[in-house]
Amino acid sequence: MSVETAGVVAQAEVSTRRVLEVSHLTVVIDGDGWRVAAVDDVSFHVDRAEVLGIVGESGSGKSLTALAIMRLVDQPVRIAGGSISFAGRDLMPLKPEEMRQIRGSQISMIFQDPMTSLDETFTVGRQLVELVQAHRKVSRHEADDLATEMLQRVGIASPKARMRAYPHELSGGMRQRVVIAAALILRPALVIADEITTALDATTQAQILELLIELRKDFGMSVILISHDLGVVNDVADRIAVMYAGHVVEVGDRSSLLGEPLHPYTQGLLSSRLSLLSSSDYVSVLEGQVPGLRNRPVACRFAPRCPNRIARCTEAMPQLVSVSADRELRCYNPTEWHS
Amino acid sequence: MLLFVAGGLIGVVLLAFPSLHHFYLDQTLSEALKRPLSPGHLLGTDPLGRDQLARSLAGLGVSFTIGLIVTLISVVVGMVLGLLAGYFRGVADLLISAAIDVAWGFPIILLAVMLAGMIGPGFISVILAVALLNWAGFARIIRGYALVLREREFVDAARAIGVPSLRVILTHLLPNVMAPTLVMGSYYVASTIIIEAGLSFLGLGVQAPTPSLGQMLAQGRDFLRLASWEALIPAITVALAVFSFNIVGDGLRDILDPRLSRPQG
Amino acid sequence: MAFVSDPVLRGEHIGKVFPVSRDLLGRGTHWLSALEDVSFTLERGHSLGVVGESGSGKSTLARILVGLLPPTSGRILLNGRDVSERQRSWTSEVRRRVQIIFQDPYSSLDPRMRLREIITEGMWYSGLGTRQKEQRAYELLEQVGLSSSVGSNYPHQLSGGQRQRVGIARALAANPDVLIADEPVSALDVSVQGQILNLLRRLQREHNLTLLFITHDLAVARHMADSIVVMHMGKIVESAPTEKLFLKPLHPYTQALLSASLVFGRPRTARIVLEGDLANPVDPPRACRFASRCFRRIDRCIKEDPRLEPGASSDHLLACFNWVEMEKESNAASRAG
């Protein structure tokens, strides 16, 4: 009988259907005489056992959003507005100690670089055990068993031996598996995975994504999967939110969003990716580049690069509105996409 | 802001130094050991009746001059050797690092005494003693920078283009170490001032009648009970001197640092 | 295909090892095999794609070809002339003929130099006067899609994509015979990658450049390369003209790599996911280095090291004892793309 079935660590109970509700979240960076909203009026939600993919490039604010949810932001970055509600409970007024209890056990985060996410001076086993004991009253022995079992679950061969290994003795792919094990060992209701495959090779990436899909089936947690790679998100997500320059520009169900994208940015990303996969000579591109934090256009932030730009786009900021039952869009002039 | 104030004060002292010459040399024994704030002598007088204010300023001038000259020598020598060692590695690095280790560990007082014995104590021997050893710390730090910089891709790019090594060092490494060099240089002047004060306290520095803060401190030691200000004034002056160069260093660092590590917009 | 073979760059059995530990006398005791028996031919005006993941040796190869690192064994022939003497003795004349575009636009430009100075440095051998060099620098900036007025700017004032354009301009400034691009778009945003690839394609066409394009992304290689060489743990495992490789990948590693890259349009169940651990690159034994993860492994694979030999056709080479054409699979992929 595994330690888990003995009820030592139960699946975090989430009674509400909506696991996470982010509403008009704004995160600002206070500079020397300037201030920028790196995450600007961002709203989205994640339901139970659902995978939300957040797609965006550098400067989109996707990583800061994740850090804000975890309340891991520090000067000069701060949350300036909006609300974050986890299982019906507002996270904003929580004290640091209360937030600490939630982190790791109810909401956990997996970061991009497995090379720096683990402490090099402690063995893998020690780090997992410490994590468990920080949140649950279990004996050292029980925690050890839990950790070993978790390592097995994430596909690490000879887990007992690996418990005594130091991070630098493991390959990138294995380290990422350890990090995933740490993120799931306390059965959180929500896991935030920030670019977890970016630092890995294509073949290892495929392995980690397979693993994530499998674990999700077994554990049933909700996942926010953040990536710049549409392909990664296409694999795993149920719904997708596209972010650009601090805004959410489109949200929708995965297959309909990727099959019929409405926002010109989403269309551009898809065209780019698909034409890369074809044998055509030139790649379809988005002109221009992502605006820097401090020189964002006044109205629609994508307007300078947008093939659908009309006068209105440079005059007033489009709002994120529902255009159908399962699609939200921030655009004045969407047109049909021809792949 | 403070940087400019400090810088300004230092400049004033350096300029004023030569012309104070009369004031600090004038011995009036009848006026000996006057307290500070006595008429005509803002900081009092020394045991030989010489005006302390003038002497302090002159002493400051000496400290600053020695500090700047020594630091200049240390910086130039340290930078050249540090860059060569860090960039070329191999034999050059082994030799230069060995030299750094020797200089770093060599007792300065011993060297000062030896030099004083050979060429007589004074301005030159102090400068030589400190400069011969001071460059080592600098070289070590610059060597560290060179080691890091040589791995940067833009150095690879230059080598791939075919730029010869010496030119690579001049055009790529040198500009990239200038900023930390300036900052460190200021701190080095401060520490040199302390070393000089220590040496002249021991009598190995500039000789009387040229005033030096360390020597004034030594003199004041004899009068600690009777006239404590004789020792206090030079002590505070040294502290102020060190402080002002530290401020200059801090100021430079604040100006230069943001440019060094500008965040990607 | 050129009727007259005019190989600009040839690698012959290039090998590179690094010592990972030394004995008391400083001699190496264990060796990391970064490259082994790498041979290739790059024809004038042609574009060769070198595809591999981390640890494949592709970056080491790039540095060797540009003279930044000496090979431990093998030869490099530039325009027919053996240039593989110790790297330090590469004359500037030789060096300027092979230029490189680096992966990281943030560290490949000297932050203290103005952009036009960075580009004119590429011409330092040329004997041109300052005025002329600057003029050429402005022309190059325009050619790579930037306005000549950015010449007086510093790198930190530009975005990643723009910096990479400057890197390309610098490489072209030296008027090289061969351009080596080491993962030039990997560090850029997705929406900018296409721009840089298109630029390189256009420049290659306009100037009949000879290009060696290194990437981990097969899809990118498909766009840029006329023929592709797939590397794994320091060895070439497959080599073929681009379309042949995509239509008929023969080596199991290539098949897995292709499978991992072409995510859209491919049902997940048809995905090849490798199992097992990477082999140890230190003191490797005589065996296939992919065997530990290979889904087509047979006994012979752990006893012998397969040689690179013609497979399905004379221009399609691979190093495998147990290859099989996965016809159906790969045709499905090309239809979906």
message: Can you work out the Karplus-derived ³J(HN,Hα) for every residue in region B:167-177? Use 6.51 cos²θ - 1.76 cosθ + 1.60 with θ = phi - 60°, whole Hz, and x for glycine or proline.
response: 5, 4, 4, 5, 8, 10, 7, 4, x, 7, 9
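Can you give the Rg to Rh ratio for region C:1-115, taking only C-alpha atoms and Rh from Kirkwood?
Taking Rh as the inverse mean 1/r over Cα pairs, Rg/Rh reads 1.02.
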message: Can you compute the equivalent ellipsoid semi-axes for region A:42-129, i.e. the square root of 5 times each eigenvalue of the Cα gyration tensor, sorted largest first and rounded to whole Å?
response: 23, 18, 15
- prompt: Can you give the FRET efficiency for C:Gln132 and C:His13, using 1/(1 + (r/R0)^6), R0 = 51 Å, r = Cβ-Cβ distance, to the nearest 0.05?
  reply: 0.75
- request: Please give the per residue volume of the convex hull enclosing the alpha carbon atoms of region B:144-265, rounded to a whole number of Å³.
  value: 145 Å³
Spin-label pair A:Gln133/C:His156, simplified geometry with 7 Å Cα→Cβ offset, distance in nm: 4.6 nm
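Can you give the charge dipole size of chain B about its Cα centre, rounded to the nearest 20 debye, using +1 on the beta carbon of Lys and Arg and -1 on the beta carbon of Asp and Glu?
380 debye
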query: Between C:Arg271 and A:His141, what FRET efficiency follows from the Cβ-Cβ distance if R0 is 56 Å, with the result rounded to 0.05?
result: 0.90
query: Once you wrap a convex hull around the alpha carbon atoms of chain C, what is its projected area averaged over all directions, in nm²?
result: 19.3 nm²
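With N set to the number of residues, divide the alpha-carbon radius of gyration of chain A by 2.2 N^0.38 Å and report two decimals.
1.04
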- prompt: Applying 1/(1 + (r/R0)^6) with R0 = 35 Å to the Cβ-Cβ distance of A:Arg17 and A:Ile310, what FRET efficiency is obtained, to the nearest 0.05?
  reply: 0.35
message: Suppose each label sits 7 Å from its Cα in the direction of the beta carbon; what would the A:His338-A:Asp253 distance come out to in nanometres?
response: 2.7 nm
- request: Percent of Cα-Cα pairs per 10 Å bin, from 0 to the last occupied bin, for region B:145-209, please list those.
  value: 19, 30, 18, 16, 13, 4, 0
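Counting pairwise Cα distances across region B:50-260, what percent come out greater than 27 angstrom? Write down the numbers at each step before the final one.
Working: 9086 of 22155 pairs.
The proportion of pairs with Cα distances above 27 Å equals 41 percent.
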query: Rg to Rh for region B:98-203: what is it, with Cα atoms only and Rh by Kirkwood?
result: 1.13
query: Relative contact order, percent, of region B:50-260 when contacts are C-alpha pairs under 8 Å separated by at least 6 residues?
result: 28 percent
- prompt: So, in the protein assembly as shown, how many Lys pairs have Cα atoms under 19 Å apart, if the pair is 8 or more places apart or on different chains?
  reply: 6
Burial ordering of C:Cys301, A:Cys300, A:Cys331, fewest other beta-carbon atoms within 10 Å first: C:Cys301, A:Cys331, A:Cys300
- prompt: Taking chain B as a Gaussian network, where each spring joins two C-alpha atoms under 10 Å apart, which residue of B:Asp101, B:Asp250, B:Asp46 fluctuates the most?
  reply: B:Asp101
query: What list of ³J(HN,Hα) values in whole Hz, one per residue of region C:299-304 in order, does the Karplus curve 6.51 cos²θ - 1.76 cosθ + 1.60 (θ = phi - 60°) give from phi, with Gly and Pro shown as x?
result: 3, 4, 5, 9, 10, 10
query: Per residue of chain C, what 222 nm ellipticity follows from adding -39500 (n - 2.57) for every DSSP H run with n ≥ 4, rounded to the nearest 500?
result: -8500 deg cm²/dmol
- line: Neighbour-count ranking for A:His338, A:His168, C:His207, B:His172 (other C-beta within 10 angstrom, fewest to most) reads A:His338, A:His168, C:His207, B:His172
field: Among A:Pro304, A:Pro114, A:Pro93, residue whose mean-square fluctuation peaks in a GNM of chain A (springs only between Cα atoms under 10 Å)
entry: A:Pro93
query: Given the rule -39500 (n - 2.57) for each run of at least 4 DSSP H residues, summed and divided by the residues of chain B, what is its mean residue ellipticity at 222 nm, to the nearest 500 deg cm²/dmol?
result: -24500 deg cm²/dmol
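Could you please rank B:Ile233, C:Ile101, C:Ile272, placing first whichever residue has the fewest other Cβ atoms within 10 Å of its Cβ?
C:Ile272, B:Ile233, C:Ile101
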field: Candidates C:Val220, C:Val166, C:Val190: whichever shows maximal mean-square fluctuation once chain C is modelled as a Gaussian network with Cα springs under 10 Å
entry: C:Val190
query: Restricting to chain C, what percent of DSSP beta bridges are antiparallel, rounded to 5?
result: 60 percent
field: Rg/Rh ratio calculated on Cα atoms of region A:259-339 (Kirkwood radius)
entry: 0.99
The protein assembly as shown - charge dipole about Cα centre, Lys and Arg +1 at Cβ, Asp and Glu -1, debye rounded to 20: 680 debye
query: Compactness ratio of the protein assembly as shown: Cα Rg over 2.2 N^0.38 Å, N = residue count?
result: 1.14
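Since every read-out is calculated from the coordinates, none of them should be taken as a lab result. Quick caveat, the model's predicted, so the values are computed rather than measured. Methodologically, a virtual Cβ is constructed for each residue, glycine included, from the backbone with ideal geometry; neighbour enumeration extends over all protein chains shown.
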